[in-house]
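The values are calculated or read from the model by the stated rules, or taken from the named source; none is laboratory data. Owing to the predicted nature of the structure, the values given are computational and were not obtained by experimental measurement. FYI the Cβ positions are ideal-geometry reconstructions off the backbone, even for glycines, and counts take in every protein chain you see.
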Amino acid sequence: MTLTAIVLAGSRPGVDPFAAQFGTDLKALIPVAGEPMVRRPVEALLGSGRVGRLLVLAQDPERIGAVLPADPRIEVKRSQATIAATILALVDDPATQWPLLVTTADHALLTGDMIEEFCARAAGFDLAIGVVERRVLMQRLPQSDRTWIPFRGGAYTGANLFLLAKPEVRPAIELWRSVEQDRKKGLRLLWGFGPAILAGAFLRLRTIDETLASLGKRLGLNIGAVAMSQPLAAVDVDKPADLRLAEAILTDEP
């Protein structure tokens, strides 16, 4: 399966205090172990053997493009104001080459093995969402602070990996747009998907697979979770503590 990889490298509105600590206004340019953050997931994707085209989307494409490898598969374009709007623009573009593998510029620990595991297990879904179960992450990084969403059988956090197989995923992206502001607030996010889904999670009545299957049925899609075996798939660099953790892992510090 040859994919179009999408790296979301946009910035939130206003001043980003995290980026400002490093003398920049773009989080994607923060150095991680001596390399601009955005370059790390881009290099992992290019080296994975899965990517035929790689599209990096940012509000300032010229500055982001300047730190990326010279590879003919890379194209850097201007993003929309939000993640959902950016993805919807791709879905609606007749030139988009499917399927899409979507990740973020702050996925600094992304590796070829993670990409391979996710893509292999995402095959057959219209929309696949990468996740890491809490026990898997806590065994490796007990100090890690993540947003957890509870289900019967375990609590999960996102792995910033998504597979969109075809344009018909548009209703799911529209739904995401309606709850995007709550993506870091687990139960409030589920409320946006409907009271039945919230109740099922809150009362541990459904597994994550049952919950996504129910949501997919409502949208006419086959939606599934890919529970990653590699706990580092859940680590993104969103704050100083994340940066310290990522650099310690990359430099093999204890």
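You will find that of 62, 43, the residue that is outside any strand (DSSP E or B), closer than 23 Å to residue 117 by Cα, of a type outside the set (A, V, I, L, M) and at pLDDT 95 or above is 43 and no other.
When the residues of the range 1-43 are filtered to those that are basic (Lys, Arg) and without any contact (Cβ under 8 Å) to a residue 40 or more places away in the chain, the one that is nearest to residue 72 (Cα to Cα) is 39.
Which of the numbered conditions does residue 85 fail, given that it passes all the others? Conditions: (1) among the aliphatic types (A, V, I, L, M); (2) part of a helix (DSSP H, G or I); (3) in contact (Cβ under 8 Å) with a residue 24 or more places away in the chain; (4) farther than 16 Å from residue 57 by Cα. The single condition residue 85 does not satisfy is (4). Within the range 113-138, if we keep just the residues that are outside any strand (DSSP E or B) and small (Gly, Ala, Ser), the residue that is nearest to the chain's Cα centre (by Cα) turns out to be 122. Scanning the range 222-242 for residues that are buried (at least 20 other Cβ atoms within 10 Å of the Cβ), over 16 Å from residue 157 (Cβ atoms) and at pLDDT 95 or above gives no hits. In the set (1) modelled with pLDDT of 95 or more; (2) closer than 18 Å to residue 249 by Cβ; (3) part of a loop (DSSP other than H, G, I, E, B), the condition left unmet by residue 98 is number (2).
Against the test of being touching an Asp or Glu at 6+ places or on another chain (Cβ under 8 Å), under 19 Å from residue 237 (Cα atoms), charged (D, E, K, R) and modelled with pLDDT of 95 or more, the options 106, 126 yield a single qualifying residue, 106.
Residue 155 meets all of the listed conditions (1) in a strand (DSSP E or B); (2) among the aliphatic types (A, V, I, L, M); (3) buried (at least 22 other Cβ atoms within 10 Å of the Cβ) but one, namely (3). Filtering 67, 102, 76, 51 for residues that are in contact with a strand residue (DSSP E or B) (Cβ under 9 Å, 6 or more places away or on another chain), without any contact (Cβ under 8 Å) to a residue 24 or more places away in the chain and β-branched (Val, Ile, Thr) leaves a single hit, 76. In the range 154-183, of all residues being modelled with pLDDT under 85 and of a type in the set (A, V, I, L, M), the one that is farthest from residue 211 (Cα to Cα) corresponds to 179.
Give 149, 115 a once-over and let me know the one that is buried (at least 23 other Cβ atoms within 10 Å of the Cβ), touching a Gly at 6+ places or on another chain (Cβ under 9 Å) and in contact (Cβ under 8 Å) with a residue 12 or more places away in the chain. Please lay out each step first, then the result.
Numbers: 149 fails: buried (at least 23 other Cβ atoms within 10 Å of the Cβ).
Testing whether each residue is buried (at least 23 other Cβ atoms within 10 Å of the Cβ), touching a Gly at 6+ places or on another chain (Cβ under 9 Å) and in contact (Cβ under 8 Å) with a residue 12 or more places away in the chain leaves just 115.
The lone criterion from (1) aliphatic (A, V, I, L, M); (2) more than 17 Å from residue 11 (Cβ to Cβ); (3) in contact with a Leu (Cβ under 9 Å, 6 or more places away or on another chain) left unmet by residue 57 is number (2).
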